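Quick note: the coordinates plus some simple rules give every number you see, no bench work behind them. All of these numbers come straight from a predicted model, not from anything done at the bench. As a convention, Cβ positions derive from the backbone with ideal geometry for all residues, glycine included, and neighbour counts pool all protein chains shown.
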């Protein structure tokens with residue numbers, strides 16, 4: 001079989017492969033945001049964390065030659081951003097959404113500032129697993145070349161779900177997220193738990209960024225993320241703060257993101273920019289249909305500033 | 001006895017009046033001095049950042065002064081960049097009065113500019129001033145509807161306006177790319193896809209005697225209008241009540257939905273004017289240069305001005321000076337173009353942190369200090 005024999009079947013295959021490739025950053029950012037929001041904070045700055053993670057991951061992988069160190073560096077810097085957000089928001093009258101906007105701009109600024117020398121050089125890629133070994137069709141093989149981070153992300157989602165609903169730590173995070181007063185009465189320290197949850201959430205977003213620069217698209221430049229972090233934050237609302245639902249939502253959004261390139265690969269390039277906007281439109285539609293002006297959203301943590 | 005009583009009550013009233021006066025003075029100076037202090041803390045932090053990178057902070061600020069305010073040429077450069085910042089900041093400050101954080105002004109700027117660029121060809125038969133007014137109305141209408149939709153979604157669907165407006169900014173940029181590279185592309189624009197260049201009589205010129213386009217005057221005027229609207233009209237007062245407590249405003253019978261629509265679409269319309277002036281006075285056609293980040297700097301301007309339309313003016317001039325000096329800093333100090341972004345981010349964090357300091361400095365509260373004594 002040659003490439004042309006596939007005909008229109010090439011589109012769904014390309015979208016499937018694209019969905020798996022594109023969804024991983026969505027998945028990591030949204031898992032991090034689920035953890036943060038379950039503790040009652042809203043971190044809008046993950047877009048900046050994602051971009052800074054992409055830069056540090058790429059730079060560290062290039063300097064050391066090891067993509068693993070790149071991922072760890074990205075997780076560490078992402079954690080620092082999250083920790084800063086978590087600590088600063090526990091000060092009185094500091095608005096977590098506004099701090100998120102500021103950190104989004106600061107993260108981008110710092111990433112572009114330090115990332116300038118790394119735009120040209122080539123860093124090692126992340127390893128991936130060939131799930132398409134049984135097929136002889138090159139497109140199917142390409143679509144099923146799954147990166148290890150995608151699989152780690154799925155396990156992380158299951159782990160988070162188990163943590164929230166079956167462990168003491170998960171229960172404590174949910175208590176803090178649902179009622180600061182109840183948590184205080186239990187003798188917990190809400191500010192501390194929120195700061196830790198936000199820091200770990202930031203580390204997740206950093207790993208998502210490292211995936212962008214180390215696997216797909218696989219290079220560092222200033223246009224590497226255009227709103228993926230923001231869409232992932234919106235996706236958490238759609239997934240109703242459930243880590244497992246986040247995985248499905250991320251794959252759906254990844255599919256929307258893969259629509260433009262998939263159509264282009266079969267020669268449909270008219271209105272390319274409109275297809276490119278598909279994920280944003282999808283996110284907006286999802287927000288419109290899942291929000292409600294009158295009642296609090298089901299499953300929303302009680303202390304969350306965006307749903308109060 | 002009676003006269004003594006009267007005396008006592010009279011002197012009490014006197015103290016009361018000076019107390020009110022002192023209290024107002026304290027609050028006003030707190031509202032001015034704290035943001036200025038936060039601004040300087042931000043500059044200082046950025047200075048330390050440069051120092052640890054082995055660059056001289058003093059050189060940096062000296063260059064910014066030179067490139068921003070040093071000569072009449074640099075003043076004119078700064079003021080040309082002030083115009084879009086004034087509009088972009090109003091797009092944040094007007095909805096903020098209702099408690100909405102709209103940060104997608106960039107999208108409204110882009111659409112306002114594209115509207116002008118796309119429609120300019122079809123009205124070029126009309127005399128200049130009429131055509132420009134028509135085009136300006138169209139730009140304001142498109143951009144106003146765009147941001148007004150964010151307000152409506154917030155009110156009628158409960159959609160978070162911060163996320164929605166930023167998503168719509170990405171959609172607006174995609175729309176611009178589609179229009180500029182597809183149906184409205186000028187075949188002669190090879191390297192940078194653009195709409196057809198606008199006719200000479202539709203271009204907006206400079207203020208006589210200056211090298212600054214009319215957008216600056218329009219921006220200053222819009223700031224004044226917004227200030228009057230917010231501070232001196234019942235509409236602005238109603239907006240402030242709704243921003244403080246939406247439920248209370250609804251109980252009072254205020255039309256919260258209409259207030260939100262009014263303020264968001266007005267903010268959007270102003271941002272649309274920014275895009276229009278960029279196309280009509282600077283670029284000469286609509287292209288990707290429209291999305292140059294004025295919308296995002298405008299967020300910082302509005303927050304530094306604490307959403308006050310008059311305070312927006314000096315803050316916008318200051319931040320425009322930093323943008324104007326970006327080129328010189330890149331050449332002289334070998335710093336990347338993102339340097340100004342880092343500075344803006346640090347100042348932004350600093351101004352938000354200063355929010356938690358209100359009420360902490362007793363010098364601003366002379367009255368309660370005395371009563372505690």
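Numbers at a glance
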quantity: Helix B:309-324 vs. chain B, principal-axis angle (Cα, 0 to 90°, nearest 10); calculated: 50 degrees
quantity: Using alpha-carbon coordinates, inclination of helix B:105-119 to the longest axis of chain B, degrees; calculated: 40 degrees
quantity: Those residues of segment A:36-61 whose amide nitrogen sits under 19 Å from the label point placed on residue A:119, 7 Å along Cα→Cβ; calculated: A:51-60
quantity: Isotropic mean projected area of the C-alpha convex hull, segment B:190-286 (nm²); calculated: 9.1 nm²
quantity: Residue among B:256, B:92, B:342 with the largest mean-square fluctuation in a Gaussian network model of chain B, springs linking Cα atoms under 10 Å; calculated: B:342
quantity: Relative counts (whole %) of C-alpha pair distances in segment B:237-331, using bins that are 5 Å wide; calculated: 2, 11, 14, 18, 18, 13, 9, 6, 4, 2, 1, 0
quantity: Spherically averaged projected area of chain B from its Cα convex hull (nm²); calculated: 25.4 nm²
quantity: Angle between chain B longest axis and helix B:2-52 axis [Cα atoms, degrees, rounded to 10]; calculated: 40 degrees
quantity: Gain in span if fully extended, residue B:251 to residue B:231, counting 0.36 nm per residue against the direct Cα distance; calculated: 5.0 nm
quantity: Efficiency of FRET from Cβ geometry, residue A:162 and residue B:240, R₀ 51 Å, rounded to 0.05; calculated: 0.60
quantity: log10 of Debye I(q)/I(0), alpha-carbon scatterers only, for segment A:3-290 at 0.16 Å⁻¹; calculated: -1.24
quantity: Kirkwood estimate for segment A:1-99, i.e. one over the average of 1/r between Cα atoms, Å; calculated: 16.0 Å
quantity: Computed over segment B:55-187: relative contact order in percent, which uses C-alpha pairs under 8 Å that are six or more apart; calculated: 27 percent
quantity: Distance in nm between pseudo-label sites at residue B:206 and residue A:268 (7 Å out along the Cβ direction from Cα); calculated: 5.1 nm
quantity: Relative pair counts by distance (%), Cα atoms of the protein assembly as shown, 20 Å bins; calculated: 17, 50, 28, 4, 1, 0
quantity: Relative intensity, log₁₀ I(q)/I(0), of segment A:25-173 from a Debye sum that treats every alpha carbon as a point, q = 0.08, 0.09, 0.12, 0.13 Å⁻¹; calculated: -0.29, -0.37, -0.63, -0.73
quantity: Cα gyration tensor shape for segment B:303-353, rounded if a/c is under 1.5, else prolate or oblate; calculated: oblate
quantity: Label zone at residue A:141 (point 7 Å along Cα-to-Cβ), backbone N below 20 Å, segment A:10-29; calculated: A:10-21
quantity: Gained length - residue B:357 relative to residue B:33, 0.36 nm times residue gap less alpha-carbon distance; calculated: 115.5 nm
quantity: Highest-MSF residue in chain B out of B:126, B:98, B:152 [GNM, Cα springs under 10 Å]; calculated: B:126
quantity: Percent of C-alpha pairs per 5 Å bin, segment A:152-206, short to long; calculated: 4, 19, 24, 26, 16, 8, 3, 0
quantity: Two-site FRET efficiency, residue A:186 against residue B:310, from Cβ-Cβ distance with R₀ of 35 Å, rounded to 0.05; calculated: 0.15
quantity: Relative contact order of segment A:3-290, defined on C-alpha pairs under 8 angstrom at six or more residues apart (%); calculated: 37 percent
quantity: Computed over segment B:85-309: relative contact order in percent, which uses C-alpha pairs under 8 Å that are six or more apart; calculated: 46 percent
quantity: Modelled FRET efficiency - R0 25 Å, residue B:188 with residue B:333, Cβ distances, 0.05 increments; calculated: 0.10
quantity: Projected area, mean over directions - segment B:104-229, Cα convex hull, nm²; calculated: 10.0 nm²
